[in-house]
Amino acid sequence: MIPLEDFYACVLDAPIAALNQVNMTSVSLAYHQASATTQSPCKEVFRLLGEIAGIHLTPAERGKIWGPGTSFGNQRSMIPSDIRGEQSDVLEAILPRVEHLALRARISDIVWTNDMRKAGIAKTAINAYCDCVEGLMDGSLKAAYPVGSRNLVDAQTPAHRVLQIASATTKRGISLPDRVIAVLTTLYGEALKDGQPVIFSRIAQLCVDYKIIEPKQAATDLETAATAKPDIYPEAIRMALDFAGVLYKRVGDEESKERCQLGAVRQMLRMRDECSQAGAKAAWVMDALLRLRFIKGEEALALENNLEDELRRLQRASLREMGTFAINIEVPAERDRIIGMFSAMDFPTALKSFALLDGSPKMEDLKAEALRQGQKSPLNAMMGIKHIDDEGKTVVNTAGAGSGEPPDDWYLNMIARAESLRRAMVVANSIEPVRLHINDTVAIEERHFNPIVWQSAFVPQLQAPLYALGFARFFQGDFASAAHLLIPQLEPSLRHILKAHGADPTKRRDDTTEEDRSLDAIISNHRAELKDVFGAPLLEELDRVFNIQPGPTLRHDVAHGQMSAGQCYSPDVIYACWLLYRVCCLFLMEKWNEWVRPGLEIEEPGPP
């Protein structure tokens, strides 16, 4: 703790005397720089004031208004509760010596936050924040990054915070202090006059939320601000029109609401016109179409019909904008090593070993690798991604990493990309060389797989002939037939496994009818039971390859006839067919020599 006499020994405003801003980052930097070049006790005093100014204030985050300015690992910078008690009382005592308006507002706010019984300090904070807003309006204070010639962009935070403190310290049923109402009313008028729709929208929302301006008046003024400068950035106009539409709906003016909604859609189409790439244009058209679904009237319907045609045209055009690149993923030394191993095996051992060419990676390892890749390419990791199909339609969106722990769909995207490359390498350097070697050794037929499919607990009896035929086509290199024979069998196999372990993968409707669950529902609703059977890594790999997006979603493509002939020969499909063969064989590994080998030994090639 820094005692009161240390503060009295310093000229508190000296480091920021020439700083006519309310931006706390600038104040914090000035105090930290002064602390680095001065001696005790001012060194410690300035460092504390720098830390106080560096506390992050976000009034819009009601659950976490205050936060650390910086955090890394288990360490963080200061928050108000770190200086509650005696240090907070010392700060209260030195307030009369603080002349800088923004610093006085910050210190008094933190003292009040630490002890909300101090009504006098709340009034000090209210007056200091009002002074900051008035200074920004009359030009005596400046914004850190002014918009045009005005400084109202920095008035939003002190205006919001003064309303919060005034509301919290005013009894219910009593209006806010006259000065607060006067300052916010003036700020509302100045923001409207300023003609910046984004700033005015935020100020208007504050004034409406705290009942300083009536919703009807604010809606009318928002339309005025949106149309005052028609050439301004369209996204700014859209924001104002959106809020105006919300307010018109609140007061029951449906006609005005729809007018604002249509105006907002037109601003989105202006954004489309400012894009040069078809893919970006298509994204704006899609957003506009989503808005039009909720707008009534003939004009909206006609616009929607026109945009539907335009969307498909732009999506097709976006495919022509995409490029391709080639990577040689073959590793000759690895291919030769594996072929050498299999050359020494007999036929039954080769079929068994073929199922063990690769394993399923653990999810924790995949997530760790995703984080490493994100750290190597932080800009790429930050951006969200739209995943499109072969017609240019967006099939799934994944978020960027953001700050802190990345969201689940970011991990799914990063893992899907890494796994696609891994599967391609396994196919090129392991699966395909061995498959060709076995196929050259024995003339593969359907009957070679009967000892496997008829005895594997993974295969229902009714599906055994399909599995045997599918594996034969796979080994023969007819991947189109193999894909359409094998991929649909995963669902009945999972249902078969669940029933054998006492679970019921059936959905019962209210009208007493029943149906089998889809693949996604089976995995989602019976994940625990399936993990007990397959283990988490193998189940998660089946989910990634056959089901979830982003990923190959092979079950969906086959079931809906969306798998093209060329896709049947892709590494993902070849790997998927091998993966099903692997799962079938895993149930037989302990009994392979006893159950499977006798049926395969007759295929051993005779002497030359």
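Odds and ends about this structure:
- The residue list ALA218, LEU588, LEU136 was ranked by how far each Cα lies along the charge dipole of the chain toward its positive end, using unit charges on Cβ atoms, and LEU136 comes out on top.
- Debye intensity ratio I(q)/I(0), log10, region 98-211, q values 0.21 Å⁻¹ (C-alpha model): -1.14
- Close amide H partners of GLY69, meaning residues 5 or more places away or on another chain with modelled amide H under 5 Å apart, are HIS56, SER77, MET78.
- Relative contact order %, the chain, counting alpha carbon pairs below 8 Å whose residues are six or more apart: 8
- Shape metrics for region 369-450, restricted to C-alpha atoms - Rg then Dmax, Å: 19.2, 57
- Subset of LYS211/LYS257; LYS142/LYS281; LYS193/LYS216 violating a 30 Å alpha-carbon distance limit: LYS142/LYS281
- Of the peptides 88-96, 479-487, the order by per-residue mean of other Cβ atoms within 10 Å, starting with the highest, comes out as 479-487, 88-96.
- Length, then width, then depth: along the principal axes, the Cα atoms of region 424-463 run 33, 24, 12 Å.
- In order along region 532-538, phi translates into HN-Hα couplings of 4, 7, 9, x, 4, x, 5 Hz, rounded to whole numbers, per the Karplus curve 6.51 cos²θ - 1.76 cosθ + 1.60 with θ = phi - 60° and x for Gly and Pro.
- Across region 1-95, the mean sequence separation of Cα contacts (distance under 8 Å, 6 or more residues apart), normalised by length, yields a relative contact order of 26 percent.
- The GluC sites (Glu not before Pro) of region 1-89 that meet both conditions, a loop assignment by DSSP and at most 14 other Cβ atoms within 10 Å of the site Cβ, are GLU61.
- 0 to 90° range, to nearest 10: angle between helix 24-36 axis and the chain longest Cα axis: 80
- Here region 434-484 and region 319-346 have alpha carbon centers that stand 23 Å from each other.
- Put a plus charge on the Cβ of each Lys and Arg, a minus charge on the Cβ of each Asp and Glu, and nothing anywhere else: the dipole of the chain about its Cα centre is then about 1200 debye.
- In a DSSP loop and with at most 14 other Cβ atoms within 10 Å, the GluC sites (Glu not before Pro) in region 190-296 are GLU274.
- Take the convex hull of the alpha carbons in the chain; its mean projected area over all directions comes to 38.8 nm².
- Calculation over all alpha carbon pairs of region 233-365 in 5 angstrom steps from 0 returns a P(r) of 2, 8, 13, 12, 10, 7, 5, 5, 5, 6, 6, 6, 5, 5, 3, 1, 0 percent.
- Projecting the Cα atoms of HIS448, GLN267, ALA482 onto the dipole axis of the chain, where Lys and Arg carry +1 and Asp and Glu carry -1 at the beta carbon, places GLN267 farthest toward the positive end.
- Among the cysteines of the chain, those whose beta-carbon sits 4.7 Å or more from every other cysteine beta-carbon are CYS130, CYS132, CYS207, CYS260, CYS275, CYS568, CYS577, CYS584, CYS585.
- Net dipole in debye of region 1-169 [+1 Lys, Arg Cβ; -1 Asp, Glu Cβ; about Cα centre; nearest 20]: 400
- Annotation: the residues PHE347, PHE475, sorted from fewest to most other C-beta atoms within 10 Å of their own C-beta, follow the order PHE347, PHE475.
- Annotation for GLU446 and GLN476: the two label points, set 7 Å from Cα along the Cα-Cβ direction, are 0.9 nm apart.
- Acute angle (nearest 10 degrees) that the helix 234-250 long axis makes with the longest principal axis of the chain, alpha-carbon atoms: 80
- For region 1-169, diffusion coefficient by Stokes-Einstein and Kirkwood Rh (Cα), 4 °C, 1.567 mPa s, µm²/s: 80
- Peptides ranked, highest mean first, by Cβ atoms within 10 Å: ranges 552-560, 6-14: 552-560, 6-14
- Residue-span extension gain [GLU298 to THR224] - 0.36 nm each, minus C-alpha spacing: 24.1 nm
- Using the rule -39500 (n - 2.57) for each DSSP H run of four or more residues, divided by the residues of the chain, the 222 nm mean residue ellipticity is -18500 deg cm²/dmol.
- Available extension along the chain between THR324 and GLU405 is 26.0 nm, counting 0.36 nm per residue and deducting the alpha carbon span.
- Among 198-211, 495-508, the peptide with the highest mean count of other Cβ atoms within 10 Å heads the list, and the full ranking is 198-211, 495-508.
- Efficiency of FRET between ILE174 and GLU235 - r from beta-carbon atoms, R0 51 angstrom, step 0.05: 0.85
- For region 112-164, the list of trypsin sites (Lys or Arg not before Pro) that fall in a loop by DSSP and count at most 10 other C-beta atoms within 10 angstrom reads ARG117.
- Residues whose placed amide H lies under 5 Å from that of VAL395, excluding near-sequence neighbours: HIS387, ILE388, ASP389
- Table column - 3J(HN,Hα) (Hz), region 559-569, Karplus curve with 6.51, -1.76, 1.60, x for Gly and Pro: 5, 10, x, 9, 8, 7, 4, x, 5, 4, 9
- Angle between the chain longest axis and helix 178-194 axis [Cα atoms, degrees, rounded to 10]: 60
- Over the C-alpha trace of region 455-608, radius of gyration and Dmax come out as 16.8, 68 angstrom.
- Phi angles across region 212-226 convert, under the Karplus curve 6.51 cos²θ - 1.76 cosθ + 1.60 with θ = phi - 60°, into 3J(HN,Hα) values of 8, 10, 6, x, 4, 5, 5, 4, 4, 5, 5, 5, 4, 5, 6 Hz, Gly and Pro given as x.
Here, each number is a calculation from the coordinates, and none is a lab measurement. Values in this document were obtained by computation on a predicted structure and should not be read as measured data. We place every Cβ from the backbone using ideal geometry, glycine too, and count neighbours over all the protein chains shown.
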